[in-house]
Every structure is written in structure tokens, then in C-alpha cells.
Amino acid sequence: MTDAALALPARRRRSSASYRLERRIKKGFLVVAVGLVLIYTLFPYYWAIVSSTKQGAALYRNTFLPAFDFTYYKALYENKIFLGSLVNSAFVASSTTALSLILGISAAYALGRIDFPQRRGVLMTILMISIFPQVVVLSGMFELINWLGLYNRPSALILTYLLATVPFTTWILTTFIREFPRELEEAAIIDGCSHFRILTKILLPLMGPSLASTGILAFILAWNEFLFALTFILTDENRTVPVAIGLMGGSSRYEYPFGQIMAASVTVTLPLIVLVLIFQRRIVAGLTAGAVKG
């Protein structure tokens, strides 16, 4: 047996060992990268929790452990204005999300399944509207809200939030509808179904994942909106959470209520986290189930 034949198994062993080492190094880098991303995204929220449990001078000490002093949370839960703002935000965000999904799914079906000459132009217009800054339409919406008699009412916020959420939901749901096979509609049309029945009885049950993800994003967008809520709402009883937090004041004009704001921020973020965790399971369950079984 030649020396080359004896060296061949050793080369294979070295190549397999180097491959395993390379795979472990890549896995290690991936774990480190994921850890850094988690620290970057979760640390601000953790720091808000830590700061919300500190009092006085302890707020300005660089300690990473919470003090477990829940005075600010107790004060928030006794603040009727803040609790009322939570209710207002939940009502406005839920109503905006529901209306956005209803209008968005109707428009998305027309743009995704019905052929007409202006379809591409309508999609481009929707995309352009969705990227408009709020300041551009602020004065016009102010005049419209006054003309409709909705100033200082939560319904004014629902109307204005639809400017951002409807184009957003329409654009995303149009993309989802285009992914469904046309054989589903063709079979329904042969059976005599109308477009409305195709949408509500066939496509809508299959769009659970897309509706959940789009609805969550629309809800978060409406929940966090600040400019319209600050402009169109005048009294404390009708304000939403972002404005209520922004207008918080200390015991004196020279005191910045840092701890109280952190406690309010943590309280406001918790419903969003719970909502995402609940719908995440449904999204995963919907994505693993096929729409067509062959």
C-alpha cells in the first residue's frame, strides 16, 4: 500500500474535524450575536423597570438591581386620570384596528384579485399616503375635525388614525391575498359564490396569521401615536396614554418625574407584550397549517 493511500483517511479525518470546528465556531458567533441583540433590545425595558422602583437620589445611581419600591406604581393606580387614559387608549386603538382590518381586507381583495386598469396606480397612491408625515395633514385634519364637531372626542382620534392604519393594512393584506392559489376562487365561482362570499367564507378563514400580525402592528401604531392625540384632545378625561405620560409633572416646577414616567412606561408596555405573546401562538399555528392539501 502506498503512502498516498495511507494518508487519505488521515486527510478525511482532519477535514471532518476542521468542519466540526468551523461549525462550532459559527454556532458560537450566532449565539453571541443573538445575545447582543437581546441585550440591546431588552435592556432599555429592564432599565425602565429598575428605575421605576427607585426613589429620590437612588434614581441617579448606576445600580442594575431593582429597589423593589412600588410607590410610583401605587400612585399611578390611584391616579384616575392615568387609568382613564388607559381606557381611552384601549378603546381608540381597538376601534382603529377593527375598522382598519375591515376596510383593509375589502380593499386588499379588490386590489389583489380583481383586475382593473388603475390597480397599479391605486397601490402606488396607497403606498405614498402611508409614508406621508403627520405634520403634512395636521392642519387639514384639524379643520375637518372641527367641521365634523369631533374636537376633544376619542372618535376624532379614530378618524385620524385611519389615515395611517388603513393604507398600511391594505398594502400588507394585498400581498397576503396574492399568495393564495386562484384555484380556490375558481372552484367557488363554479359553485356560484359571489366575490363577497369568496372573501368571507373562503379567504378570510385562511388569513388568520396575516390578520393577526397586521392587526397587532396597527394596534401598536394607534396605541403609541402622540401628535394627533396631543392636537385634537383638550381635556385630561379624553387623553390617551402617550399624551398623559408626556404631560406628567413633578411635585414642583423644577422636578422631573423620571421614576413616575418610567413606571407609567412599564405599565403601558405590558399590554402590548401580552398581546404579542398571545397572538404569536396563533400566528405560528396558522403558518404551519397549509391552505391547500394536495
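The values are calculated or read from the model by the stated rules, or taken from the named source; none is laboratory data. Values in this document were obtained by computation on a predicted structure and should not be read as measured data. Note that we place each Cβ from the backbone using ideal geometry, even for glycine, and neighbour counts take in every protein chain shown. The protein model used for the area step is the full one, side chains on, heavy atoms only, and it has no ligands, DNA or RNA in it. Shrake-Rupley method; radii C 1.70, N 1.55, O 1.52, S 1.80 Å.
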Using 1/(1 + (r/R0)^6) with R0 = 25 angstrom and r between the beta carbons of residue 153 and residue 274, what's the FRET efficiency to the nearest 0.05?
0.35
Put +1 on the Cβ of every Lys and Arg and -1 on every Asp and Glu Cβ in the chain; which of 145, 157, 73 then has its Cα farthest towards the positive end of the dipole?
73
Show me 26-35, 137-146 ranked by packing, highest mean number of other Cβ atoms within 10 Å first.
137-146, 26-35
Efficiency of FRET between residue 201 and residue 175 - r from beta-carbon atoms, R0 22 angstrom, step 0.05
0.50
Distance between modelled label sites at residue 80 and residue 124, nm, 7 Å Cα→Cβ extension
5.5 nm
Within segment 75-292, what whole-number % of the accessible surface is contributed by carbon and sulfur, with the 1.4 Å probe and all protein chains included in the calculation?
67 percent
Please compute the per residue accessible area over segment 75-292 with all protein chains in place, 1.4 Å probe, rounded to a whole number of Å².
55 Å²
Computed E for residue 46/residue 217 - FRET, C-beta separation, R0 22 angstrom, nearest 0.05
0.35
For the chain, just say rounded, prolate or oblate: build the C-alpha gyration tensor, square-root its eigenvalues into a ≥ b ≥ c, call rounded for a/c under 1.5, and beyond that prolate if a/b exceeds b/c, oblate if not.
oblate
Using only alpha carbon pairs under 8 Å that are at least six residues apart, calculate the relative contact order of the chain and give it in whole percent.
28 percent
